[in-house]
Protein chains: 2
Amino acid sequence: MTDDNRQMWTDLGIDLERHDALLNALGPIYQEIYLSQKNRPEGMGFFDFVVGDIHGIRVRELRQHAMNGGKVVATYCVFVPEEIAWAADAIPVGLCAGTQFSVPLAEEILPRNTCALIKSSFGFKLGRICPYVQASHLIVGETTCDGKKKMFEILAQYQPVYVMEVPSKKTRLSRELWAGEVLAFKEVIEKLTGNEVTADKLSQATGLVNERRRALQRLYNLRKASPVPISGKDALLVTQVAFYDDVTRCTQQVNTLCDELDGRVASGEGVFPADVPRILISGSPMAIPNWKLHHILESAGAAVVCEESCIGTRFFSDLVPENGGTVEEQLRNIADRYMQIHCACFTPNDERLDDIVRLAREYQVDGVVHYNLQFCHTYANEAVKVEKTLAEAGIPLLRIETDYSDEDVGQLRTRIDAFLEMIRR
Amino acid sequence: MTDDNRQMWTDLGIDLERHDALLNALGPIYQEIYLSQKNRPEGMGFFDFVVGDIHGIRVRELRQHAMNGGKVVATYCVFVPEEIAWAADAIPVGLCAGTQFSVPLAEEILPRNTCALIKSSFGFKLGRICPYVQASHLIVGETTCDGKKKMFEILAQYQPVYVMEVPSKKTRLSRELWAGEVLAFKEVIEKLTGNEVTADKLSQATGLVNERRRALQRLYNLRKASPVPISGKDALLVTQVAFYDDVTRCTQQVNTLCDELDGRVASGEGVFPADVPRILISGSPMAIPNWKLHHILESAGAAVVCEESCIGTRFFSDLVPENGGTVEEQLRNIADRYMQIHCACFTPNDERLDDIVRLAREYQVDGVVHYNLQFCHTYANEAVKVEKTLAEAGIPLLRIETDYSDEDVGQLRTRIDAFLEMIRR
């Protein structure tokens with residue numbers, strides 16, 4: 001199996017030496033951060049397996065798909081409508097990367113004061129480290145931030161890239177623009193795959209993606225229980241895996257996990273004592289293996305119970321209406337659904353402030369940690385408004401700006417300890 | 001007069017203590033950077049006078065306008081169609097600020113890793129230092145970068161702000177969106193002023209703004225001469241002043257200056273010897289009093305002969321067609337004209353690469369200095385492509401990333417000296 005993997009990676013053009021170094025580093029980190037947790041749900045076994053074989057079995061599936069004439073579509077953002085890819089029998093995979101490992105490589109080309117997510121992802125391509133990038137036929141970017149918008153232009157020198165325009169306002173014309181972008185994306189995908197996106201196929205794909213959204217909603221609802229039946233780290237991992245696993249299998253696995261958590265909630269079983277501080281994290285997304293903030297928080301005795309994030313509620317809170325109709329009608333429904341994502345790319349984006357307050361109450365949190373990646377202008381600026389809003393709502397807030405390095409871990413621990421001390425009931 | 005000014009500033013809510021400190025600092029800087037230049041055109045006298053009375057006479061005009069029931073519309077970007085403001089008898093003024101003085105104030109609220117232009121401008125509002133901000137009835141922002149887009153939301157807590165959406169792509173739908181934004185802007189201005197933008201008024205305003213564009217084109221064309229008849233610093237100042245001076249007066253003054261420069265070119269008179277290295281600066285805009293890079297370059301023995309910048313060619317290269325027509329037809333012409341600005345907010349923006357190469361040849365430069373403000377993602381990323389393009393064209397390039405502080409001046413001097421040494425003929 002390992003030899004098979006190495007051959008596959010070689011075929012994909014992977015730099016084996018760098019790749020070995022990455023995987024060799026990941027193992028002990030995962031052991032320390034994940035496997036050392038106590039009283040984990042058994043249902044996490046699948047997700048442990050996925051990470052344990054992170055560049056193996058799933059990549060093999062993508063390769064097999066490609067050998068059968070299928071296409072792999074790589075994305076960086078929850079705005080890219082994956083329903084459309086699935087409907088054309090393409091497989092969408094998330095490419096956002098969460099490791100410092102590839103950041104220095106990216107910095108040879110990209111501006112250093114670019115956020116770690118962008119640098120990490122770009123470094124993966126530059127260093128030929130990530131088999132998901134290598135296995136993809138088309139990278140679909142978007143214009144949700146300046147850093148990505150302009151990085152995609154440079155990335156296009158290495159691999160085919162198509163960029164969708166996400167508007168900045170939510171006027172009628174902005175919505176028309178986005179609806180047009182969704183339609184254009186369908187045409188791009190049809191051309192790439194040679195498969196027509198029919199009403200039936202689109203309806204079926206929408207149903208599958210909605211099912212996964214419902215499963216993640218179920219998981220998050222279970223996190224409202226006290227004591228919380230699953231750690232924030234584990235829940236984060238589940239969401240992260242959902243970005244690149246098969247949609248049906250992932251849904252099943254999340255539901256199996258939730259069945260188990262149902263039992264825990266019914267019996268009052270938790271992973272942490274009921275009186276630990278409950279934390280909502282809000283802000284920039286966290287890609288695998290960016291478990292830094294969750295790990296610090298939960299090591300310090302808190303429970304992360306919700307993420308208002310692209311790797312959290314923004315990913316699954318809204319469903320696409322499943323009322324069928326023509327392809328055009330369904331595409332319109334899809335476009336409308338994605339415009340409900342309260343991303344900081346919009347101006348204004350006050351709905352996000354409402355979301356944070358609402359989630360803080362629904363999840364009965366003791367405090368909110370606003371997380372933004374350094375150099376992420378949109379979330380860093382919104383933090384100013386978040387601070388004001390939460391102060392008015394009487395909800396404690398800690399603002400964290402960080403990157404993927406370990407350099408600030410000590411400082412973060414000190415600040416987080418102080419925050420938890422303040423909010424501890 | 002000075003007492004009158006102080007009363008006016010007080011009426012505008014200016015923090016006189018801070019404001020005094022700013023003006024007291026500006027005088028010696030202007031003396032050192034501008035007035036110490038040798039063989040300056042006499043036509044610069046007007047611009048010296050404007051800077052010498054920077055917060056006096058022009059502000060008084062705006063106040064007088066307001067007392068007569070007129071409105072002042074403040075802008076941050078060359079994408080805001082000033083024709084429409086003039087046509088409604090509103091006066092547009094540029095608010096971009098170029099001083100480190102107000103940066104620390106802004107950093108109390110804005111993310112520190114925001115570009116200096118945004119921080120400087122925001123700090124002016126926060127510290128009540130700038131009478132142009134105070135005298136304006138509406139600030140019109142736009143979505144050309146994440147930093148400004150999100151700053152405007154915070155600024156709106158202090159003063160009325162309206163934001164125009166500039167799209168990221170140049171598809172048909174993106175252009176439709178922009179055309180809609182231009183129309184909506186007309187309605188906003190009509191509502192603000194109570195004045196209808198008629199076809200005649202719009203046509204007249206377009207003519208006036210075009211005249212100023214032609215005058216600036218004339219000035220830049222004169223800079224193609226060798227020896228160059230005007231310093232880069234002086235030409236930069238002319239463009240900077242054009243952002244807030246009366247459009248007709250500015251046109252006249254630029255043309256008077258150009259008449260003088262015509263004579264210099266005819267007689268072969270220059271401000272620098274003919275054999276000094278000729279430099280094109282390309283990149284982020286430079287607001288008053290950001291003369292840092294020009295000053296370092298020209299103090300080191302180079303001549304800056306062109307700016308591919310919002311405070312340069314992007315500001316005036318394209319005219320709005322003056323073929324009249326209905327208001328709707330004219331607005332469409334205006335929308336089309338502004339979409340020709342090759343701003344790094346667009347993806348892709350390869351037209352800018354063509355512009356740089358073309359301008360480098362037209363102005364017979366010996367090298368290009370790519371200038372981007374630190375934390376400006378769009379221009380910093382485009383620098384990667386600029387570097388590649390200029391290498392292919394055989395044009396020497398120096399990439400500079402800086403801010404408004406003096407901290408890196410020594411380092412910049414060293415790098416610029418080395419660059420000039422390399423390209424010197």
Over the range A:238-333, with a single point scatterer placed on each C-alpha, what log10 of the ratio I(q)/I(0) does the Debye formula yield at q = 0.21, 0.22 1/Å?
-1.28, -1.32
5 angstrom amide H check on A:V72, placed H, neighbours 5+ away
A:I91, A:H137, A:L138
On the Cα set of the range B:22-72, report Rg and Dmax in Å, please.
14.3, 44
Using just the C-alpha positions of the range A:269-425 as equal point scatterers, what log10 of I(q)/I(0) does the Debye formula give at each q in 0.09 1/Å?
-0.32
Please state the equivalent ellipsoid semi-axes for the range A:130-194: what are the square roots of 5 times the Cα gyration tensor eigenvalues, largest first, in whole Å?
23, 16, 8
Grab the other residues whose beta carbon is less than 14 angstrom from that of A:R413, score K and R as +1, D and E as -1, and report the net.
-4
Can you compute the charge dipole magnitude of the protein assembly as shown about its Cα centre, using +1 on each Lys and Arg Cβ and -1 on each Asp and Glu Cβ, nothing else charged? Give it in debye, rounded to the nearest 20.
100 debye
Note, B:E351: beta-carbon cut-off 12 Å, +1 each Lys/Arg, -1 each Asp/Glu, net -1
So for the range A:75-129, taking the charge dipole from beta-carbon charges (+1 Lys/Arg, -1 Asp/Glu), which of A:P81, A:L95, A:G127 sits furthest toward the positive end?
A:G127
Compute, for chain A, the length of the dipole vector about the Cα centre, with Cβ point charges of +1 (Lys, Arg) and -1 (Asp, Glu) only. Units Debye, rounded to 20.
520 debye
Suppose each label sits 7 Å from its Cα in the direction of the beta carbon; what would the B:D20-A:D200 distance come out to in nanometres?
8.3 nm
In Å, the C-alpha Rg and Dmax of the range B:1-154 are 16.2, 46
Put a dot 7 Å past each Cα toward the Cβ at A:R249 and B:T10; how far apart are the dots in nm?
7.7 nm
Lys and Arg at +1, Asp and Glu at -1: add these up for the other residues within a Cβ distance under 11 Å of A:R175 and post the number.
+1
Dipole of chain B (Lys/Arg Cβ +1, Asp/Glu Cβ -1, origin at the Cα centre): which of B:I416, B:G207, B:L237 lies farthest to the positive side?
B:I416
Percent breakdown of C-alpha pair distances by 10 Å bin, ordered from the shortest bin, for the range A:135-252
11, 27, 36, 22, 4, 0
So if I average 1/r over every pair of distinct C-alpha atoms in the protein assembly as shown and take the inverse, what Kirkwood radius in Å does that give?
28.8 Å
Over the Cα atoms of the range A:73-185 the radius of gyration and the largest Cα-Cα distance (Dmax), both in Å, equal 14.3, 43
Would you kindly derive the ³J(HN,Hα) couplings of the range B:309-322 from the backbone phi angles with the Karplus curve 6.51 cos²θ - 1.76 cosθ + 1.60 (θ = phi - 60°), listing them in order in whole Hz, with x for Gly and Pro?
6, 5, 9, x, 4, 5, 7, 9, 5, 9, 9, 8, x, 9
Please average, across the residues of B:373-380, the number of beta carbons from any other chain that are within 10 Å of each residue's own beta carbon, and give a whole number.
5
Within a 10 angstrom radius of each residue's Cβ in B:102-114, how many Cβ atoms of other chains show up on average? Whole number is fine.
2
Rounded to whole Å and sorted largest first, list the principal axis extents of the Cα atoms in chain A.
59, 52, 45
Could you sort A:64-77, A:405-418, A:263-276 so that the peptide with the highest average Cβ count within 10 Å comes first and the rest follow in order?
A:64-77, A:263-276, A:405-418
Under 16 Å from the Cα of B:K71, which aspartates and glutamates turn up, not counting those fewer than eight places away in the same chain?
B:E61, B:E82, B:E83, B:D89, B:E187, B:E190, B:E196, B:D245, B:D246
Would you mind checking A:K169/B:K170; A:K186/B:K385; A:K38/A:K224; A:K38/A:K292; B:K125/B:K169; B:K233/B:K385 for any pair whose Cα atoms are more than 23 angstrom apart?
A:K186/B:K385; B:K125/B:K169; B:K233/B:K385
Roll a 1.4 Å probe over the protein chains and send me the accessible area per residue for chain A in Å².
35 Å²
From the protein chains alone at 1.4 Å, what is the descending order of accessible area for A:H19, B:H295, largest first?
B:H295, A:H19
Given label points at 7 Å from Cα along Cα→Cβ, what nm distances, shortest first, separate B:R6 from the same residue in every other copy?
8.3
Can you list the lysines whose alpha carbon is less than 16 Å from that of B:K388, not counting same-chain residues fewer than 8 positions off?
A:K150
Which value in deg cm²/dmol, rounded to the nearest 500, describes the helix-derived mean residue ellipticity at 222 nm for chain A, given -39,500 (n - 2.57) per DSSP H run of n ≥ 4 and division by the residue count?
-16500 deg cm²/dmol
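The values are calculated or read from the model by the stated rules, or taken from the named source; none is laboratory data. From a predicted model like this one, the values you see are computed outputs, not experimental measurements. Positions of Cβ are backbone-derived with ideal geometry, glycine not excepted, and every protein chain shown enters the neighbour counts. Protein only, heavy atoms only, side chains kept; ligands, DNA and RNA dropped before computing areas. Shrake-Rupley method; radii C 1.70, N 1.55, O 1.52, S 1.80 Å.
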